[in-house]
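The values are calculated or read from the model by the stated rules, or taken from the named source; none is laboratory data. The model shown is predicted, which means the values in this text are computed figures rather than measured ones. Cβ placement follows ideal geometry from the backbone for every residue including glycine, while neighbour counts extend to all protein chains displayed.
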Amino acid sequence: MRGLAGGGEAAAGGAAAGGGEKKGAVTFRGRPSRVLLLKNVVAPGEVDAELRGEVGSECSKYGEVVDVLVHELAAGATGAGGAPLAEEQRVRVFVKFSKPGAAMKAYIGLDGRYFGGRHIWVCFFKEADFDGRSLDPSPSEPK
């Protein structure tokens with residue numbers, strides 16, 4: 001992939017500001033669960049056979065990964081308000097951990113990092129929606 005397994009560089013102002021050290025309190029997007037949603041990992045059309053395994057391998061550094069699912073929305077897909085989704089929102093990578101604590105560690109470690117020149121955005125995702133494969137954007141999803 002584009003540098004996911006090779007570690008990311010810290011983003012100024014993101015969750016990983018200051019040379020990779022975490023500073024201050026973390027404000028989680030979404031209600032903590034065992035499932036994370038990662039956006040902007042790759043661009044639409046760049047999803048490949050290795051992406052799922054690479055994300056799973058990187059996330060296993062934070063705890064046991066139960067499942068990884070890559071959901072790519074078609075061009076012209078719309079969000080909750082009916083507006084077209086931005087490119088960075090069309091590839092949605094879901095990671096389910098065995099424990100909520102592992103998901104929290106991964107959130108802190110991944111949110112705001114850069115991989116392959118892309119700024120990763122992370123939020124918690126409802127476990128029931130993940131298990132039911134309701135993966136499209138919803139009005140209740142954190143922005």
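Within the range 98-124, residues that are within 16 Å of Val68 (Cβ to Cβ) have Cβ atoms under 6 Å from residues that are surrounded by 16 or more Cβ atoms within 10 Å (Cβ to Cβ) and among the β-branched types (Val, Ile, Thr) in these pairs: Tyr107/Val122; Leu110/Ile120; Leu110/Val122, counting only partners at least 6 apart in sequence or on another chain. Set side by side, the residues Arg52, Arg34, Arg2 differ, and just one is at pLDDT below 90 and of a type in the set (Lys, Arg), which is Arg2.
If you take just the strands (runs of 3 or more DSSP E) that sit entirely in the range 51-143, which of them hold at least 2 residues that are on the phi > 0 side of the Ramachandran plot and surrounded by fewer than 18 Cβ atoms within 10 Å (Cβ to Cβ)?
On the way: elements: 65-72, 91-97, 121-125.
No strands (runs of 3 or more DSSP E) qualify here.
Against the list (1) in contact with a Gly (Cβ under 9 Å, 6 or more places away or on another chain); (2) surrounded by 13 or more Cβ atoms within 10 Å (Cβ to Cβ); (3) closer than 23 Å to Ser140 by Cα, the condition Arg29 fails is (1).
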